[in-house]
Amino acid sequence: MLLVTGASGQLGSRVHTGLVAAGVPAHAGSRTPSAFGPAGRLLDLDDPATLDLAGVDVLVLVSAGYAEDDVVLTRHDRVLTAAEEQGVGHVVYTSLTGAGDHLGFALAHRWTERRLACSGLRWTVLRNGLYAELFGQLAAPQNGVVAAPFGSGALAAVARQDLADVAVRVAADVAADPSAHVGRVYELAGTTAFTAAQLARAWGAEHRPITLGAQRTALAGQDLLPFQPAMLMSIYSTVAAGLLADTRSDLPDLLGHPPRDALAAAVAAGVPEAI
Ligand SMILES: NC(=O)c1ccc[n+]([C@@H]2O[C@H](COP(=O)([O-])OP(=O)(O)OC[C@H]3O[C@@H](n4cnc5c(N)ncnc54)[C@H](OP(=O)(O)O)[C@@H]3O)[C@@H](O)[C@H]2O)c1
């Protein structure tokens, strides 16, 4: 049996839907399992009592980020320990592109990769690039102006659906053949890199980049969780430094077709009605 975690999330839901559409029976692990009918299984990585992985052959572990590192590490350690103890065969983990090591949320991903490598489990790591939709939302124009601190840095962003499609392909392969993709680390950045200026042009907006300092000041006035400003600032500074522009990627091979238009996905996510 195959189980997808974070199944209500934007990535997990696409992975679960994709598996079902491909005819691969998959359970949906979620804090709100009732949304999935009989396929739903209660799974809250903050609650050890819910970590029943009996009968799971393939676990698609969608990272449970958006929290402080100690919280995320505890979540991932818990579910991997449960997987070891309960005889899960293979874990497919959605990680972060190797180019993203300077991002604030990289630590939890690299820790989890090492945790997997030291486990007795079979595993595959999908090092996801940054979502095109996230870039579009962070660069979204306000009153016709893109005012974000991305400078002239380009981002090899990738449409979330492409990342979901790769996870579906890999999980389905593993379900059919337990020796497939064992111990593989796949780099899944986008195959084109584009800038905030290009997004601005596509929106018909003016590009007026601001400094990192100005952005940090702006974030200080927003209603954010304590960890969020540092996390967001790391995205701006890493893109602006040009460290996420590398387009070498395993994406086309694993998709089996050219990736979706990531610029179009970013543009669609940044139009006012999408935010
Ligand atoms: N590559 C990128 O650009 C990028 C950017 C931001 C984040 N990420 C990472 O990628 C993950 C998936 O992205 P996304 O767009 O699908 O995020 P999302 O829409 O916010 O979904 C995250 C999901 O994580 C699950 N989750 C959160 N806390 C959990 C807990 N305590 N126990 C079990 N599950 C928990 C939830 O699933 P349920 O509601 O079903 O319980 C939630 O819906 C994120 O969680 C984050 O780690 C990647």
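The values are calculated or read from the model by the stated rules, or taken from the named source; none is laboratory data. Every value quoted in this text rests on a predicted model; they were computed, and no experiment measured them. Note: ideal-geometry Cβ built from the backbone for every residue, glycine included; neighbour counts use all protein chains shown. Just so you know, the surface numbers come from the protein's heavy atoms only, side chains and all, with ligands and any DNA or RNA stripped out. Shrake-Rupley method; radii C 1.70, N 1.55, O 1.52, S 1.80 Å.
Odds and ends about this structure:
- Most mobile of GLU187, GLU113, GLU68 in a GNM of the chain (Cα contacts under 10 Å): GLU68
- Full extension of the chain between HIS257 and LEU219 gives 9.7 nm of extra length, using 0.36 nm per residue less the Cα-Cα distance.
- Here ARG216 sits with roughly 140 square angstrom of accessible surface, probe radius 1.4 Å.
- Relative contact order for region 2-274, counting Cα pairs under 8 Å that sit 6 or more residues apart, in percent: 21
- Residue-normalised accessible area of the chain, given per residue in Å² at a 1.4 Å probe: 44
- Its Cα gyration tensor gives region 2-274 an equivalent ellipsoid; the semi-axes, largest first and in whole Å, are 33, 20, 17.
- Proportion of all alpha-carbon pairs of region 159-275 beyond 16 Å (%): 72
- Karplus-derived HN-Hα couplings along region 148-158 (A = 6.51, B = -1.76, C = 1.60, θ = phi - 60°), whole Hz, x at Gly and Pro: 9, x, 8, x, 9, x, 9, 10, 7, 7, 9
- With N counted as the residues of region 170-231, its alpha-carbon radius of gyration over 2.2 N^0.38 Å works out to 1.92.
- The order of VAL267, VAL4 by accessible area, most exposed first and with a 1.4 Å probe, is VAL267, VAL4.
- Scoring 140-151, 37-48 by mean Cβ neighbours within 10 Å over their residues and listing the highest first yields 140-151, 37-48.
- Amide H partners (placed H, <5 Å) of ILE210, local residues excluded: ALA148, PHE150, GLY151
- Each listed q (0.10, 0.24 Å⁻¹) maps to a log10 I(q)/I(0) for region 20-128 from the Debye sum over equal C-alpha point scatterers, namely -0.28, -1.45.
- Descending by average beta-carbon neighbour count within 10 Å, the peptides 52-58, 7-13 line up as 7-13, 52-58, the highest first.
- Once you divide the Cα radius of gyration of region 199-258 by 2.2 N^0.38 Å, the number left is 1.54.
- Carbon plus sulfur fraction of accessible area for the chain, probe 1.4 Å, in percent: 53
- For a modelled paramagnetic label at VAL182, 7 Å from Cα along Cα-to-Cβ, the residues of region 71-115 in reach, with backbone nitrogen under 17 Å, are 84, 87-93.
- Calculation over all alpha carbon pairs of region 138-190 in 5 angstrom steps from 0 returns a P(r) of 4, 15, 16, 15, 13, 10, 8, 8, 6, 4, 1 percent.
- Sorted from greatest to least, the principal axis extents spanned by the alpha carbons of region 83-222 come out as 54, 29, 21 Å.
- THR217, THR94, reordered so the largest accessible area comes first (probe 1.4 Å): THR217, THR94
- Using the Cβ-Cβ distance between VAL271 and SER119 with R0 = 41 Å, the FRET efficiency computed as 1/(1 + (r/R0)^6) comes to roughly 0.45.
- Ellipticity estimate at 222 nm from DSSP helix runs (n ≥ 4, -39,500 (n - 2.57)) divided over the chain, nearest 500: -12000 deg cm²/dmol
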